[in-house]
Amino acid sequence: MKKINTPLDLNVIKSLRVGQELLLSGTIYTARDQVHKRLTEAIKASKALPIELKSAIIYYCGPTQTPKGQVIGSCGPTTSSRMDAFTPLLLAKGLKAMIGKGSRSKEVKAAIQKHKGVYFVTYAGCGALLAKSVKSAKVVAYSDLGPEAILKLEVKDFPLIVAIDANGGSIYG
Amino acid sequence: MKKIEAVKITKAVTELVKQASFFLRSDVLSALRKSYAVEKSKWARTMLKAILDNAASARKEKLAICQDTGLPVMFIQIGQDIVVHGNLKVAINKGVEQGYKKYYLRNSIISDPLNRVKPRFSPCIMHTDIVKGNKIKITFLPKGFGCENKSQLKMFQPTASIGEIKEFIIKAVKDAGPDACPPYVIGVGIGGTADYAGIMAKKALLRKISPNNSKLEKDLLRQINKTGIGPMGLGGINTVLAVHIQMYPTHIAGLPVSVNISCHALRSASVTL
């Protein structure tokens, strides 16, 4: 299986094709519903963002609490389509890749193609399995959101499938 | 009159939380194994293997099967000849909170749905029923919301055909598509009122997956699996593991049908005290 590392090189992104299985290593950020709302409000108000969006990879995930002695709890993907309304703006601001589960809107697909990004899916409903690929986790913003806070994750060989590629191809047709 | 201390109920609920969250139901596991055995497509096999590996990891590492440890739903059957010493509802919510904290589950509950801050572990939703006898049966169903979001209700005309009802149920699964972690278990409530049909649809998820199904359930299972959505929506012959229907008498003017979808991580546990 092909291995890729962060930050994702533009040529690497362009070479990815729908249906390709990959193992990702490097830095990713968790962000889901409320974070997307806050980031969007901050962008619209021209305020500083708590993370650098340029070249970033966002993982739609809100893990459980971290058990004693572990790096992270169960940490699978949440439904990506809930983030659709916010995604084109984030892609325009430099976001390069998203990891989640399920289909995306036409608008997101078009924005991925326009900004040369990529949408990955990972094993859905498999949070205990995916926890093994996370090597460290740290809250970096919006801690008041609890499990929805932004976490900076260091991952090693995190399993991905290319679901929408930079050429506009989609695994869901 | 038999008596039971509320503290005993709290303790039992704490254990139910652990049981349901770490150990996938044995009937769900066998259904997933059967699906894996018959799937031929590469993606379906990869996904089902990941799901089975995940269940094994959760069990071994004492990690939640899914990070969405659900909105805690409790079905409580209270024998009419038993007296609870203390407050039953408080005792159950205390058990939920203790269990979620102790086993490092997720605080996914927002007190004010319109002002979404400070997620907590409770309160749970309780459905109570009065039954014969002197026992209390508590069933815990942590319902993940990726799939709960795909629930549907339709108030049919009383003259509606079975075909129209089937079409609605199949369409609800197609609408969920790849988003809510297929292969699904589909709970359907037919009859009663709008609210009661919803409760029946959810209760239907508690029924053990087995070959003993009605003709309507078998027909729906076959037709839904023909959609080809497949495990995690990447194609395959297993879109649903089971279709379970509950019915109740209804009014001459109506025909409520509710569909409650569960992801493959269908978790529940029961205790009788």
Exercise. Which one of these is of a type in the set (A, V, I, L, M), in contact (Cβ under 8 Å) with a residue 60 or more places away in the chain and within 24 Å of A:Gly62 (Cα to Cα): B:Val96, B:Val117, B:Val90, B:Val83?
Worked result: B:Val96
Exercise. Which pairs do you get when a residue that is at the interface with chain B (Cβ under 7 Å from one of its Cβ atoms), found in segment A:123-140, comes within reach of a residue that is open to solvent by 50 Å² or more (accessible area, probe 1.4 Å), reach meaning Cβ atoms under 6 angstrom, with the pair 6+ apart or on two chains?
Worked result: A:Leu129/B:Asp53
Exercise. So which residues in segment A:53-69 are in contact (Cβ under 8 Å) with a residue 40 or more places away in the chain and more than 8 Å from every other protein chain (Cβ to nearest Cβ), if there are any at all?
Worked result: A:Leu53, A:Lys54, A:Ser55, A:Ala56, A:Ile57, A:Ile58, A:Tyr59, A:Tyr60
For this session: Specify which of the listed residues (B:Ala44, B:Ala58, B:Ala64) is open to solvent by less than 10 Å² (accessible area, probe 1.4 Å) and free of Cβ contacts under 8 Å to residues at least 40 places away in the same chain.
Result: B:Ala58
For this session: Kindly indicate which of A:Glu41, A:Glu21, A:Glu52 is over 22 Å from A:Ala92 (Cα atoms) and surrounded by fewer than 18 Cβ atoms within 10 Å (Cβ to Cβ).
Result: A:Glu21
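Condition check ((1) in contact with a strand residue (DSSP E or B) (Cβ under 7 Å, 6 or more places away or on another chain); (2) surrounded by 14 or more Cβ atoms within 10 Å (Cβ to Cβ); (3) not basic (Lys, Arg)) across all residues:
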{"residue": "B:Val83", "(1), (2), (3)": "yes, no, yes"}
{"residue": "B:Lys101", "(1), (2), (3)": "no, yes, no"}
{"residue": "B:Leu105", "(1), (2), (3)": "no, yes, yes"}
{"residue": "B:Arg116", "(1), (2), (3)": "no, yes, no"}
{"residue": "B:Ile136", "(1), (2), (3)": "yes, yes, yes"}
For this session: Output the number of the condition that A:Lys54 fails; it satisfies all remaining conditions of (1) within 30 Å of B:Gly99 (Cα to Cα); (2) out of contact with any Ser or Thr (no Cβ under 8 Å at 6 or more places or on another chain).
Result: (1)
Problem set entry | Test: A:Lys3 is touching a residue at least 60 places away in the same chain (Cβ under 8 Å) and loosely packed, with under 14 Cβ neighbours inside 10 Å | yes
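Pick from segment B:174-186 the residues that are within 14 Å of chain A (Cβ to nearest Cβ) and either touching an Asp or Glu at 6+ places or on another chain (Cβ under 7 Å) or among the hydrophobic types (A, V, I, L, M, F, W, C) (or both): which of them is surrounded by the fewest Cβ atoms within 10 Å (Cβ to Cβ)?
Only one residue tops the list, namely B:Val185.
Mind telling me which of the residues B:Lys166, B:Lys143 ends up being surrounded by 21 or more Cβ atoms within 10 Å (Cβ to Cβ) and among the charged types (D, E, K, R)?
Going through B:Lys166, B:Lys143 in turn, the sole match is B:Lys143.
Would you mind listing the strands (runs of 3 or more DSSP E) fully within segment A:67-173 where at least 3 residues are open to solvent by 40 Å² or more (accessible area, probe 1.4 Å)?
Output list reads A:134-141, A:150-164.
The values are calculated or read from the model by the stated rules, or taken from the named source; none is laboratory data. Source: prediction; values computed, not measured. Glycine also receives a Cβ, built like all others from the backbone with ideal geometry; neighbour counts cover every protein chain displayed. The area values use the complete protein model at the heavy-atom level, side chains included, leaving out ligands, DNA and RNA. Shrake-Rupley method; radii C 1.70, N 1.55, O 1.52, S 1.80 Å.
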